[in-house]
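Below is one structure, written out as structure tokens; the observations come after it.
Bear in mind that the values in this text are calculations on the coordinates, not laboratory data. Since the model is a prediction, treat every value here as computed from it, not as a measurement. Note that we place each Cβ from the backbone using ideal geometry, even for glycine, and neighbour counts take in every protein chain shown.
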Amino acid sequence: MIDLRNWIRDVPDFPKPGILFKDITPLLRDPKALEETMDALAAPFRGHGVTTVAGIESRGFIFGSCVARALGAGFVPIRKPGKLPWTRRRNEYILEYGTDALEIHDDALEPDDKVLIVDDVLATGGTACAAAALVRGFHAELVGVSVLIELEFLEPRSKMEGVNVHSLIQY
Ligand code: AMP
């Protein structure tokens, strides 16, 4: 097992002063680090009957689609407002650096779906929480949330009680 931290670049004051941005592009361009990341994101959820991976825009699309393939599941995009073309549902939330909203297509999930949410960074947990609310709105089962990086000092799990949260790197 390689130390994935070696492929995460800290960028201070991006996109706003005071934010230490976790840049995953060095990890994405390294075949071995990328493969280990995808395997590790999927591993705890193998055999759980996941039907659908929901990836959060935009870095959650990169990891989410690979995890979907690893689990033999489908992929559903959860996007920023105004990007999805079909009829959709919206959930507003507070971000580490501002407020935002997420949307999902009305026909994205069914009540018998078992859904895994995937993203790159879990910071305050607001984004994952909003995504979880969208999934639950379909009465689908939320199997868990799988992320590369968890910013533990922001206590994202306090917002996610009862959710199976899996992170590969903690800061
Ligand atoms: P949050 O809602 O605070 O948990 O923020 C999570 C979302 O914002 C994820 O989609 C991340 O891609 C992004 N994000 C938040 N904080 C950071 C950070 N320090 N570095 C990189 N991405 C971040």
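For this structure, a couple of remarks:
- Sorting Glu103, Glu92 from the fewest to the most surrounding beta carbons within 10 angstrom yields Glu92, Glu103.
- Note on Ala43 and Ile19: their simple-model spin labels are 3.1 nm apart, each label 7 Å out from Cα toward Cβ.
- Taking a ≥ b ≥ c as the square roots of the eigenvalues of the Cα gyration tensor, the chain is classed as oblate, since a/c reaches at least 1.5 and a/b does not exceed b/c.
- Cα-based Lys pair tally, the chain, threshold under 27 Å, eight or more apart or on separate chains: 12
- Spin-label proximity, Arg9 to segment 130-162 - amide N less than 20 Å from point 7 Å beyond Cα toward beta carbon: 148-150
- Packing order of peptides 30-41, 142-153, 76-87, highest average first: 142-153, 30-41, 76-87 (average count of other Cβ atoms within 10 Å over each peptide's residues).
- Summarising the strand pairing of segment 47-170, around 30 percent of its internal DSSP beta bridges are antiparallel.
- Each Lys and Arg contributes +1 and each Asp and Glu -1, all at the Cβ; summed about the Cα centre of the chain, the dipole is approximately 240 debye.
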